[in-house]
1. Specify the residue that is modelled with the highest pLDDT; the eligible residues are those in the range 216-267 that are open to solvent by 40 Å² or more (accessible area, probe 1.4 Å) and within 16 Å of ligand 2 (Cβ to nearest atom).
2. Let me confirm something: among Pro210, Pro169, which residue is farther than 24 Å from Gly299 by Cα and open to solvent by 20 Å² or more (accessible area, probe 1.4 Å)?
3. With the structure loaded, tell me whether Gly182 is open to solvent by less than 20 Å² (accessible area, probe 1.4 Å) and not hydroxyl-bearing (Ser, Thr, Tyr) or whether it fails that test.
4. Write out, first by first residue and then by second, each pair whose Cβ atoms fall under 7 Å of each other, whose residues are 6+ apart or on separate chains, and whose first residue, in the range 87-99, is at pLDDT 95 or above while the second is aliphatic (A, V, I, L, M) and within 6 Å of ligand 3 (Cβ to nearest atom).
5. Looking only at the range 52-67, filter to residues that are hydrophobic (A, V, I, L, M, F, W, C) and open to solvent by less than 30 Å² (accessible area, probe 1.4 Å); which one of those is nearest to Tyr306 (Cα to Cα)?
6. Which of the residues belonging to the range 49-59 are within 15 Å of ligand 1 (Cβ to nearest atom) and hydroxyl-bearing (Ser, Thr, Tyr)?
7. Hey, among Gly25, Gly46, Gly35, Gly70, which residue is within 15 Å of ligand 1 (Cβ to nearest atom), surrounded by fewer than 18 Cβ atoms within 10 Å (Cβ to Cβ) and among the small types (Gly, Ala, Ser)?
8. How many of the residues in the range 189-240 are touching a residue at least 60 places away in the same chain (Cβ under 8 Å) and either among the β-branched types (Val, Ile, Thr) or touching a His at 6+ places or on another chain (Cβ under 8 Å) (or both)?
Amino acid sequence: MQAIVCEQPGVLVSKEQEKPEIKEGYAQIRIKRIGICGTDLHAFEGTQPYFSYPRILGHELSGELVETGGATGFENGEAVTFIPYFNCGFCIACRSGKPNCCTQINVCGVHVDGGMTEYLNVPAYTLVHGDGLTYDELALVEPLAIGAHSIRRANVKPGEFVLVIGAGPIGLGIMEFARIAGAQVIAMDINAQRLDFCEKRLKIQHTINPAMGDVIEALKNITNSDFPTVVIDATGNQQAINNGFEYIAHGGRYVLVGLQKGLLSISHPEFHKREATLMSSRNATRVDFEHVINSIKKGWIDPGNYITHRVQFDDVTAEFASWLDPATGVIKAIIEC
Ligand SMILES: NC(=O)c1ccc[n+]([C@@H]2O[C@H](COP(=O)([O-])OP(=O)(O)OC[C@H]3O[C@@H](n4cnc5c(N)ncnc54)[C@H](O)[C@@H]3O)[C@@H](O)[C@H]2O)c1
Ligand SMILES: [Zn+2]
Ligand SMILES: [Zn+2]
């Protein structure tokens with residue numbers, strides 16, 4: 001079978017590999033769709049902090065189950081996705097019901113080989129039923145679950161103003177789940193094209209472009225001078241993250257979904273006077289995956305909004321580098337197998 005391997009930054013090749021053997025405790029999936037994520041692009045660029053090479057990329061996956069691996073309630077032939085964060089089951093995080101931040105976590109396509117291949121073995125406990133969703137929809141469940149998890153972390157309540165900074169695929173998912181939670185969503189980005197997408201496709205009422213004017217004034221106008229009670233970063237940009245502390249309402253919370261390599265810089269008096277809460281949000285859990293699937297089934301989210309590019313498996317190595325260029329208007333590229 002063929003697999004797409006990132007051999008070193010900038011080098012992506014298609015290689016012949018052995019089909020994986022059936023292994024106890026592992027399910028085998030015949031991959032049908034692979035979503036391309038910032039993580040894959042950063043691995044290719046060489047800017048992903050947790051990466052080692054060579055690596056088969058891909059963690060936003062759907063496919064046909066060809067071996068259940070003993071997973072109860074699953075049948076060969078059914079459409080599935082899976083939770084691509086493999087956890088140890090024993091550490092403090094796993095024991096606390098937080099496998100998404102397991103101390104020994106192995107993220108598929110990051111720490112271990114991923115799904116840009118024909119057949120993939122995954123721990124049987126990670127399988128998620130397709131529940132009538134299409135392969136396209138199922139490949140979008142994981143990136144949307146990142147957003148669902150952050151909204152659950154923030155415990156967003158109806159009517160709250162939620163400011164989401166960064167309108168990339170991750171930020172857009174956060175906005176969708178904030179809306180589903182009943183929040184009044186404010187989208188912020190320096191990319192006018194992406195803000196336009198928020199307004200036109202996601203029907204978001206309030207958008208702010210920091211490059212076009214004073215953010216504090218804009219937030220005051222929108223929130224009647226209260227400021228957003230929830231601020232969520234989905235930029236991964238150090239400056240944007242540091243600025244975000246200034247936008248939190250008194251008593252509010254700040255959730256970091258985006259990730260950067262440096263230090264956070266906070267004015268302690270500013271943070272203190274707000275009695276603000278700072279939290280990170282990492283990956284997602286089964287509850288979030290199920291919330292995403294339910295939201296798609298109910299029609300609350302249209303995953304079709306996100307798929308801007310589609311390629312066949314054999315064309316990936318030629319096309320991949322082009323998805324690094326925001327000018328292509330890419331939100332989600334999907335590989336069909
Ligand atoms: N928490 C998790 O488990 C998890 C999972 C996946 C990705 N991430 C992280 O989420 C972040 C976003 O991922 P993505 O794929 O959507 O990235 P992306 O690069 O596609 O989107 C980021 C957006 O932020 C905008 N932006 C950059 N600087 C800005 C600034 N100063 N002010 C306002 N907007 C700004 C960009 O224009 C872009 O639209 C990344 O840091 C990524 O590492 C976290
Ligand atoms: Zn991803
Ligand atoms: Zn663990």
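1. Thr235
2. Testing whether each residue is farther than 24 Å from Gly299 by Cα and open to solvent by 20 Å² or more (accessible area, probe 1.4 Å) leaves just Pro210.
3. Considered against the rule, which asks whether it is open to solvent by less than 20 Å² (accessible area, probe 1.4 Å) and not hydroxyl-bearing (Ser, Thr, Tyr), Gly182 comes out as no.
4. Pro99/Ala93
5. This residue is Leu61.
6. Residue satisfying the conditions is Tyr50 alone.
7. Only one candidate qualifies: Gly46.
8. Residues meeting the conditions: 8.
The values are calculated or read from the model by the stated rules, or taken from the named source; none is laboratory data. All values derive from a computational prediction rather than experimental measurement. Glycine gets a Cβ as well: all are built from the backbone with ideal geometry, and neighbour counts include every protein chain shown. Please note that ligands, DNA and RNA were not included when accessible areas were found on the heavy atoms of the full protein model with its side chains. Shrake-Rupley method; radii C 1.70, N 1.55, O 1.52, S 1.80 Å.
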